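Reading through the structure tokens given below for one structure.
The values are calculated or read from the model by the stated rules, or taken from the named source; none is laboratory data. These figures come from a predicted structure and were not determined experimentally. Neighbour counts run over all protein chains shown; Cβ positions are idealised from the backbone, glycine included.
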Amino acid sequence: MRVVSGIVAATVVGATIAGTTAMSRGHDDNHRVFSQKLVGLPAAEKITIDGVPAAGAPWKVGKVNEVSISARGDLRLDVKGLLITGTGGPNDNTTGPVTQVIASLACANGDIASTPPAPLRSDGDAKIRARVTIPTDCLAPVVLVRIFGNQPTNPWIAATGL
């Protein structure tokens, strides 16, 4: 269980190395050490995950969505249909003003590694291919898709392990 801004949220993450939920570098640099599906920001939850606040509106993801990280830190993110939802406003089923996203590998012990920004198309499709530095002991890893350019926090709009 992970404590997230006073809320206890289960984070069953698929990055299991030898039966643990920690990431570490293996001998095979091309081996995937993390592979998970993304979930959009739930409507009722405005939670902070590992110091990163949630965005101000709920988001949904389409059927195609996955994040993987290799032992050497090659992060691959594919998402289709990452869109604002359930607000009842004009931005529903759009990306609103969001045009770029980053992916961040966040660890419960406070370490965060992020990618450079990538375009978020108006249909909610995004691909990220970047190398991140995997912290030495990344406990309870989660990947956050974050709005780029919304400083100072770049809030998250989708995550793994929710």
The one condition in (1) part of a loop (DSSP other than H, G, I, E, B); (2) in contact with a Ser or Thr (Cβ under 7 Å, 6 or more places away or on another chain); (3) closer than 19 Å to C138 by Cα that R76 fails to fulfil: (1)
Residue check for G161: buried (at least 17 other Cβ atoms within 10 Å of the Cβ) and either acidic (D, E) or at pLDDT 95 or above (or both): no
Unmet requirement for Q151, which otherwise passes all of (1) closer than 16 Å to L83 by Cβ; (2) free of Cβ contacts under 8 Å to residues at least 12 places away in the same chain: (1)
Pairs with Cβ under 6 Å, 6+ apart, first in region 68-83 and closer than 25 Å to V98 by Cβ, second polar (S, T, N, Q) and not in a loop (DSSP other than H, G, I, E, B): S68/S35; R76/S68; V79/N65
Selected residue (criterion: farthest from D137 (Cα to Cα)) from residues of region 50-73 that are in a strand (DSSP E or B) and not charged (D, E, K, R): W59
Residues of region 89-112 satisfying the condition of being surrounded by 20 or more Cβ atoms within 10 Å (Cβ to Cβ) and either hydroxyl-bearing (S, T, Y) or not in a loop (DSSP other than H, G, I, E, B) (or both): T95, V101, I102, A103, S104, L105, A106
Subset tally (residues that are in a strand (DSSP E or B) and in contact with a Pro (Cβ under 8 Å, 6 or more places away or on another chain)) for region 117-162: 5
Boolean, I47 is closer than 15 Å to G161 by Cβ and part of a loop (DSSP other than H, G, I, E, B): yes
Qualifying residue in region 62-83 (condition: of a type in the set (A, V, I, L, M), at pLDDT 95 or above and touching a Gly at 6+ places or on another chain (Cβ under 6 Å)): yes
